[in-house]
1. What value, in deg cm²/dmol to 500, does the helix sum -39500 (n - 2.57) over DSSP H runs of n ≥ 4 give at 222 nm once divided by the residues of the chain?
2. Going Cα to Cα from Lys201, which lysines come in below 19 Å? Please leave out same-chain ones fewer than 8 positions away.
3. Please order Leu66, Leu44, Leu130 by the number of other Cβ within 10 Å, starting at the fewest.
4. Output the DSSP H helices from the chain with an along-axis C-alpha extent of no less than 18 Å and a mean Kyte-Doolittle hydropathy no less than 0.5.
5. Based on the alpha carbon coordinates of the chain, what radius of gyration and maximum Cα-Cα distance (Dmax) apply, in Å?
6. Enumerate the residues in segment 214-228 having an amide nitrogen under 11 Å from the point lying 7 Å beyond the Cα of Arg242 toward its Cβ.
7. Just subtract the alpha-carbon distance of Glu19 and His182 from 0.36 nm times their residue separation and send over the number in nm, one decimal.
8. Can you compute the FRET efficiency between Arg119 and Asp278 using 1/(1 + (r/R0)^6), with r the Cβ-Cβ distance and R0 = 41 Å? Round to the nearest 0.05.
Amino acid sequence: MGEKPFVLLLVDDSRSTAEKLARALGSAAYSPRVVPASPDVPRLATEVDLVLLCLEPTVDVELTLLRRLMDVEGPGRGAPVLVVAPAEARELRLSALRLGVEVVAAPWDDEELQARMLRAFSAHQVLVTLASQVSELQKLSVLDGLTLLHNHRYFQERLREEFRVAQRYDDALTLILVDLDHFKEINDRHGHPVGDDVLRKVARGLQQCVRETDIVARYGGEEFAVLLPRTPLTGAITVAERIWKELGLLRVGPEGTLQVTASLGISGFPHRTVLSADQLLLTADEALYRAKREGRNRICLHSLVPHAAGSQQG
């Protein structure tokens, strides 16, 4: 169980069983803390290695507490639980087993008690490790492997989610599409490793230009998407200009001689031609292609409103 003392939380109202447990485990390897059953036990369980809960056959409050411990317990939260109950309290022990905890009948054998403690702790550690691995896999499933930005699938999900929220609360939502200019030439002339380095540095530059609440994704190839919740078009233009300037300062390649430029298209909601998430994406894409047609290295805004006809930066 390691060189540091194994911290135990012994929960027992009468303290009689807990005192016997403390004596049985009273070596330098264990550091017991004896407390009565109380609403504070789940919080205390987050500070120890294992909880030993002593159940009495005539008292149901401890079983209620056990259910609370199991409700709040999760991989990485709380501690594993081992129940100590009288041998004659068969139904009580079965109830504890059905809740998924280790159970030791009193009077107990000291070696069996320690073995079950170790098994409860080890099983809990396995669950913690698995939960961490699942969390990491979930994280990787929504990230682009090269740039570590959100991937296309995640962006599509968030686009629809944020659009529903904007519609419901009549909030502003804007989208900026960013496409690197002449990126194929970088790959053809300098090789894909240089091209990959460009994409990674562009990704970092984009993240530096937005808020934590904004969504930045690699939309595909050399194209990126920046979704700005609760941001009107005027705010999106400011962000787009910041991105355009930041990318213009990048110098990449083996000797830092390559300059990056990008074309940007902006669209926003509410707008009379943007009635769905797909239309927001389509109109931003149209603005981006207009920026490409007009010479690249600029920002174009989708709008059919005369007094907000567009914005360009060359």
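1. Details: 10 runs with 143 residues, N = 314.
Computed mean residue ellipticity for the chain: -15000 deg cm²/dmol.
2. Straight-distance partners of Lys201: Lys184, Lys245.
3. In increasing order of surrounding Cβ atoms, one gets Leu130, Leu44, Leu66.
4. Working: long enough: 110-141 (46 Å, -0.02); 152-169 (26 Å, -1.69); 192-208 (24 Å, -0.62); 233-249 (24 Å, 0.57); 277-293 (24 Å, -0.38).
Long hydrophobic helices here: 233-249.
5. Radius of gyration, then largest Cα-Cα span, for the chain: 30.0, 86 Å.
6. 214
7. Values: separation 163, 0.36 × 163 = 58.68 nm, distance 7.59 nm.
Residue separation times 0.36 nm, minus the Cα-Cα distance, leaves 51.1 nm.
8. Values: r = 54 Å, r/R0 = 1.32.
Taking R0 as 41 Å, the efficiency between Arg119 and Asp278 is 0.15.
We did not get these values from a lab; they are worked out from the coordinates using the rules stated. Everything numeric here is computed off the predicted structure, so don't read it as measured data. As a convention, Cβ positions derive from the backbone with ideal geometry for all residues, glycine included, and neighbour counts pool all protein chains shown.
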